[in-house]
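Colleague: Mind having a look at this structure? Questions to follow.
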Amino acid sequence: MKWIFGYGSLIWRPSFDYSASRPALLRGWHRQFWQGSPDHRGTPGAPGRVVTLVEDHNEQCWGVAFDVEGYDTDEIVSELDVRESGGYVRLNVQIEFSDRSQVTALTYFAPPQNPNFLGPAPTHEIARQIKNSSGRSGDNTEYVVKLAEALRGFNLPHDDVRAVELSLRDSAP
């Protein structure tokens, strides 16, 4: 394994060593705030919402690929397995860089069968749940804001995240 693909918090807080990071496109999947977070961004009684990948052959997801070649990838993956617990599983995907080159990368996603999967909801309801959630890693709102800022910093399309970010401003507590 040489690449790890991040589409959520890994973008702004990778927590592992890497030699380079590059914007990358994952085709056939899109990012959604459909995964519950009963620990990092919420509690068991009031889970937050974090992103996962949802398979859809007509969609795509922009994120960041991290080159981990030359580092202890077994240790990196072991630490990511702990971090991405709560319903996430490993997935090898084909990602594409701006020069159209493609590589296989490891990513994590939370399938609908996992116990913390919340599924779809109207954007304003997702925003209200996020606004009222906090866990050991901080406020759920912070997660959305940092993800949006990171995607803007890489100049990546992020209408999905932007819609939730804007709704957070308008949602009642």
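Colleague: Please name whichever of Ala148, His124, Gln102 sits farthest to the positive end of the charge dipole of the chain, dipole taken about the Cα centre and charges placed at Cβ: Lys and Arg +1, Asp and Glu -1.
Modeller: It is His124.
Colleague: Gain in length, Asn132 to Thr104, computed as 0.36 nm per residue apart minus the alpha-carbon separation, to one decimal in nm? Intermediate values should be presented prior to the final figure.
Modeller: Working: separation 28, 0.36 × 28 = 10.08 nm, distance 3.72 nm.
Gain on extension, Asn132 to Thr104, equals 6.4 nm.
Colleague: Rounded to the nearest 500 deg cm²/dmol, what is the calculated helix-only ellipticity per residue at 222 nm for the chain, with -39500 (n - 2.57) per DSSP H run of length n ≥ 4? Please list the in-between numbers first.
Modeller: Numbers: 4 runs with 46 residues, N = 173.
Helices in the chain give a 222 nm mean residue ellipticity of -8000 deg cm²/dmol.
Colleague: Is there a quick way to get the dipole size of the chain? I mean about its Cα centre, with the Cβ of Lys and Arg at +1 and of Asp and Glu at -1; what is the value in debye to the nearest 20? Write down the numbers at each step before the final one.
Modeller: Values: 17 positive and 23 negative charges, 98 e Å.
I would put it at about 480 debye.
Colleague: Here's another thing I want to ask about it. If I model a spin label as a point 7 Å beyond the Cα along the Cα-Cβ vector, how far apart are those points for Asn114 and Asp159 in nm?
Modeller: 2.6
Colleague: Which percent of Cα pairs goes in each bin when the distances of the chain are cut into 10 angstrom slices starting at zero?
Modeller: 10, 40, 38, 11, 1
Colleague: While we're looking at this one, here's another question. For the range 1-38 and the range 135-155, what is the separation of their Cα centres, given in Å?
Modeller: If we compute the Cα centre of each part, the gap is 13 Å.
No value in this document is a laboratory result; all are computed from the given coordinates. Only a predicted model underlies this, so the values are computations on that prediction, with no experimental measurement involved. Backbone-built Cβ (ideal geometry, glycine too); neighbour counts: all protein chains shown.
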